[in-house]
């Protein structure tokens, strides 16, 4: 374990939270994720990371299938429950517009993810913690915690994305859980492109159907403390179940792969 090597990831997380919080507090929320690109580049250059370490790999087709399962299963199950309980309604949902938004997010969203949240938390920070000698599970935990802490200013300050104060603790727990899900995808695939696809499609579907902050989504769900993918109790429960499954799959495959010599890693970009 390289304790001295921890100075880089700790400093990067501190700067990420401090800079983003300052921008959220001064009305620059729309740009507050962009400094993550500079921090990613800084870690990459200072620690001389390879593309493979950062996760710039394409991954396998099945990895993208797994990435799609997260938003489709969790939000799909939540929507069935909400509609069955008459908390949401499908009558006036603009499916064509939402489908277009999801398609655009699937194509363009991963680029923004690579440049900001995924590139930093599941990319450079992940690699930096590995350089410091942390185990895969500890890297998953620490990057997920940093991801949740980084979101505090967005939901506490007046950013337009902030939910009612009573929902903030549950959102932050859910942010940790979702960060861990996307971290598992990164670990399974070796690719932050895969986690970026999942992250962007999740955002497109969740915010279109359920809204964000105090804004009501297309389903018309108003009891978001129960029926919402990010700030609702049922959303948290479904995410925890998905995390438990994907984490168990990752660790089982990791133990299996460790027993096999000379496994070929997925090809890195370039």
In region 76-96, which residues are surrounded by fewer than 20 Cβ atoms within 10 Å (Cβ to Cβ), assigned to a helix (DSSP H, G or I) and touching a residue at least 24 places away in the same chain (Cβ under 8 Å)? 77, 81, 83
Before we move on, is residue 115 over 15 Å from residue 230 (Cα atoms) and either surrounded by fewer than 20 Cβ atoms within 10 Å (Cβ to Cβ) or modelled with pLDDT of 95 or more (or both)? yes
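Can you tell me which of 232, 213 is under 22 Å from residue 162 (Cβ atoms), out of contact with any helix residue (DSSP H, G or I) (no Cβ under 6 Å at 6 or more places or on another chain) and at pLDDT below 90?
Working: 232 fails: at pLDDT below 90.
Within the list 232, 213, the selection yields 213.
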Restricting to region 11-34, name every residue that is more than 17 Å from the chain's Cα centre (by Cα) and either closer than 12 Å to residue 117 by Cα or surrounded by fewer than 16 Cβ atoms within 10 Å (Cβ to Cβ) (or both). 11, 14, 15, 18, 22, 25, 26, 27, 28, 30, 31
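Considering only region 15-67, how many residues are under 30 Å from residue 153 (Cβ atoms) and assigned to a helix (DSSP H, G or I)? Please lay out each step first, then the result.
So the first thing to find is which residues in region 15-67 are under 30 Å from residue 153 (Cβ atoms), and the list is 15-47, 49, 53-56, 67.
Remaining after also requiring assigned to a helix (DSSP H, G or I): 15-25, 29-31, 35-46, 53-54, 67.
Counting residues in region 15-67 that are under 30 Å from residue 153 (Cβ atoms) and assigned to a helix (DSSP H, G or I) gives 29.
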Every residue in region 193-244 that is farther than 17 Å from residue 90 by Cα and not in a helix (DSSP H, G or I), please. 212, 213, 214, 215, 225, 226, 230, 231, 232
Can you find even one residue in region 99-114 that is within 17 Å of the chain's Cα centre (by Cα) and not in a helix (DSSP H, G or I)? no
Assess whether residue 132 counts as being in contact with a helix residue (DSSP H, G or I) (Cβ under 7 Å, 6 or more places away or on another chain) and touching a residue at least 40 places away in the same chain (Cβ under 8 Å). yes
Pairs under 8 Å by beta carbon, first residue on the phi > 0 side of the Ramachandran plot and touching a residue at least 60 places away in the same chain (Cβ under 8 Å) in region 187-201, partner surrounded by fewer than 24 Cβ atoms within 10 Å (Cβ to Cβ) and part of a helix (DSSP H, G or I), six or more apart or different chains? 190/52
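Which residue, of 98, 81, 104, is modelled with pLDDT of 95 or more and within 23 Å of residue 181 (Cβ to Cβ)? Break it down stepwise before answering.
Values: 98 fails: modelled with pLDDT of 95 or more; 104 fails: modelled with pLDDT of 95 or more.
Only one candidate passes the filter, namely 81.
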What's the number of the condition residue 173 fails, among (1) farther than 19 Å from residue 135 by Cα; (2) in contact with a helix residue (DSSP H, G or I) (Cβ under 7 Å, 6 or more places away or on another chain); (3) at pLDDT 95 or above; (4) surrounded by 15 or more Cβ atoms within 10 Å (Cβ to Cβ)? (4)
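The values are calculated or read from the model by the stated rules, or taken from the named source; none is laboratory data. All figures in this text were calculated on a predicted structure; none of them were measured in a lab. Glycine also receives a Cβ, built like all others from the backbone with ideal geometry; neighbour counts cover every protein chain displayed.
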